[in-house]
Structure formats: structure tokens, C-alpha cells
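The values are calculated or read from the model by the stated rules, or taken from the named source; none is laboratory data. Just so it is clear, the structure is predicted and the values come from calculations on it, not from any experiment. Reconstructed Cβ throughout: ideal geometry from the backbone, glycine too, with neighbour counts over all protein chains shown.
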Amino acid sequence: MVDYAALLSLAGEITRETDLDGLLAKILTKSLPWMRVEACSIFIADEETGDLVMHTAHGEGAPKLGQLRVPAGRGIVGAAMKEMRVIRVDDAPNDPRVFKEADKKSGWMTKALLAAPLLDGDECLGVIEFLNPVGRPVFTPEDERLTEYFAGLVAAAVGRVRAQAAALERAALQRDLDLARELQKGLLPLEFPPPEASPAIDLFAVLEPAKEVSGDLYDFFFIEPGKLCFVVGDVSGKGIAAGIFMAVTRTLVRAIARPGMSPAEILRQLNAELCRDNEACLFVTMILGIADVTSGEVVCGLGGHNAPVHITRDDAVFGPLGGAPLGLMPQAQFAEWRPELAPGDVLLVYTDGVPEALDESRRLFTNERFLAVLRNKVPSSSRGLVADVEQAVAAFVGEAERSDDVTLMALHRRP
């Protein structure tokens, strides 16, 4: 006779269990009395291969098989999972469907069995199997009904525990991403040179990451008195790897740049360092320039990046493209460009998140629209021009999800 009190007690216990291993152990050890069987096993589906993995088996004389794997679709457990129904076998030794490898490995003799799929909605999480009934030669129809009912409870509990574990994992990952974002933001200089430190050049920059961690970078620092080194770069790829490569690149720029070096020389040495042990084959496009903050003269090193824009009161035109991305070819060459900034002109450096911004219809912002925005503005300050571009891009994107990081750096030649 079925011990319904034990079944109801176990049902209550498994609904309170929060650990998957503890849940499986509790089900396996405490389901034996009311089912009156010699052993019970639980097979959980491997999400990658589809194989059924037996994590453990309990019961007097139960097979000690450890991590036995049943190939997808093989054996009675495979059939129960594939067909999503309870399967009863009365004569296991002579049933060709039974996976005999388990008995061969353990010396165990399976005489009869019941296998029930663990169904969580339309998904089958695995199979629970009861072996060798005690006090009766074969399993009964009542046993089948109880097994099907109990499998439903087990599936709900396993699904709940998995969902909780996934939620905790996502929360931990989000905490790590938030921390990485804060650390990355800390690498970006936010105090821009005041007029007394930079009388001829008004510099301002922003970086708006599309995700938690950005692959874009900007930086600026005085390489020597009166000479301001500025950098805008865009690392290939997205996510943590791109963010780490961005941080390494920014650190190397500051370590390599020395007084008297030209932008192209700095890029050559930086490229050599980035090519070392770059097994991930990441690369960064970059514009690295040096501005004389007294005379207003600017020299730009070009490293395969988007063409900068020279903005005057009358027009906005793209500068030249040139050089190669950094990090891929040790012998890469880099070009230089000297924009002639008249008083009131602006040099705008940016990443491809601007022209390649997408609206809700997946249309590109485009270079043409970008220049049209700039031609309609009379530059009065670097901060004001950057804000104008940000607003234009935001208005175009609307409610669409950002597709890429956006970085803007403006160097305004003070009148």
C-alpha cells in the first residue's frame, strides 16, 4: 500500500529546497519508502549535448555509477524523454530498449523499471527512474500514476531551483559588469584643460557606452609643457574583452608617449606592444594627436580610424583616412595629418557609433547626415558642439536600442 503521508511530506520538503544537489539527494533517498523500490535514479539533461547524466543513485544495492551518461535517445530513459511519457518495463533483461551498459558497469541486475520524464511546460529537464519493485513482481498501473504525478513535482522543483540559480548568476554578473563600468569610467579624464593651461585649444570629450562595458576610449594629457596629447580609439568587438583591451591600450599610450615624439612614432611603438601575445586578435583603430596649446597647431597620427572632421564657420569637411589598425601587424605604417585650424575652427574626432547609429527602422545616421548637422552649427565651444551632435544622434535613434558606443572629442581653436 502506498504511504501517501510520506509522499505528501516529501512533496512539501522538495518545494522548500534551494540547492539542486540537495534537492536531488532528498528526492532519491526519501522516495524509496512510499514507492517501495530497491533504487531510484535521476537523469538530468546536459544542455549542450542532450545526453542524460545520472548524477547519483540511491537505495540498498543501488548501482554506484557516478556520472553515467546515457546518449540522447538511448535506453528507456532516453525514450521517456524523447516521447515525453511514462514508460514501464516488466522484463528488463530481455527488453532490447534497456541501456545494458549501466548493469555491466555495476554488476547490478535491473529486473523491472519505471521511467517518467521531468516535464516543465514544454521542456523536458530529465527523467526519474524507479528500479525493481519490492513486494510485487512488476510495477502496477497505480505505480505508473504515482510516478507521473511525482515526476511533475520533481520537474517543478528542479525548474524552480535552476531558475533561482540562473537569477543569482545573472545578478552576480550584473554586479561585475557594473563594477567594470565604474572602473572603466574612472580611466576617463573628466577635468578638461582650462584656458590658463590651454590658451589656444578648448578640448572637450564624451563617451556614451552602448552596453555596460565600452570598447571605445578617449584620453588626453600633457606630453610636455605646452603640448597636449589627445587620443580617440575604438576597439574591435564588444563586452569585457574589448573593455580590457581598451584599458591596456590607454595605459600603454601614457607609458610610451615621451617629449619630442611624433604621433606616428607613438603609434608605431604602441602597435608593437599591442601585437605582443595578442592571441584574441583584437585590434584598435585610433587617432592620436599632439596639440600646441599656445600656437593652436595640431598634428594627428592616423591609425585606420574614421576620418576626423574639420569644422569652420562656413563648412564641415572630412579629413583624410590613413594608417592601419593597431594590434594586428607589427610592421604596420601610420600616417600623419596637420589640419590648419583657424581661430574659431573645430577638429572633431569620433568613433563609428556616430555615423552608424541606427534608428527604430534600422536606418543608419550616415556620414551625410553627420556633416549636415555640423554645417548647421556655428562653433562657439567644444562642449557646445559635442552636445549638439549628441542631441542630433539621440533624436535620430529615438527609442531604438543603441547599437554601438559613441565617443566624441572636439578641439576648438579659441578665437
With respect to Ser361, is the statement that it is more than 26 Å from the chain's Cα centre (by Cα), surrounded by fewer than 17 Cβ atoms within 10 Å (Cβ to Cβ), in the same structural domain as Phe192 (by TED's automatic domain parsing) and in a loop (DSSP other than H, G, I, E, B) true? no
Of the residues in region 318-340, those that are assigned to a loop (DSSP other than H, G, I, E, B) and out of contact with any Leu (no Cβ under 6 Å at 6 or more places or on another chain) number 13
Do you know which residues across region 227-251 are surrounded by fewer than 23 Cβ atoms within 10 Å (Cβ to Cβ) and modelled with pLDDT of 95 or more? Lys227, Leu228, Cys229
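Give the number of residues within region 125-143 that are assigned to a loop (DSSP other than H, G, I, E, B), polar (S, T, N, Q) and touching a residue at least 60 places away in the same chain (Cβ under 8 Å). Give the steps one after another, and end with the answer.
Going through region 125-143, the residues assigned to a loop (DSSP other than H, G, I, E, B) turn out to be 134-140.
Still in the running and polar (S, T, N, Q): 140.
Then drop every residue that is not touching a residue at least 60 places away in the same chain (Cβ under 8 Å), which leaves none.
Count: 0.
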Could you check how many residues of region 110-124 are within 13 Å of Ser41 (Cα to Cα) and assigned to a strand (DSSP E or B)? 6
Among the residues of region 274-285, are any among the aromatic types (Phe, Trp, Tyr) and buried (at least 17 other Cβ atoms within 10 Å of the Cβ)? yes
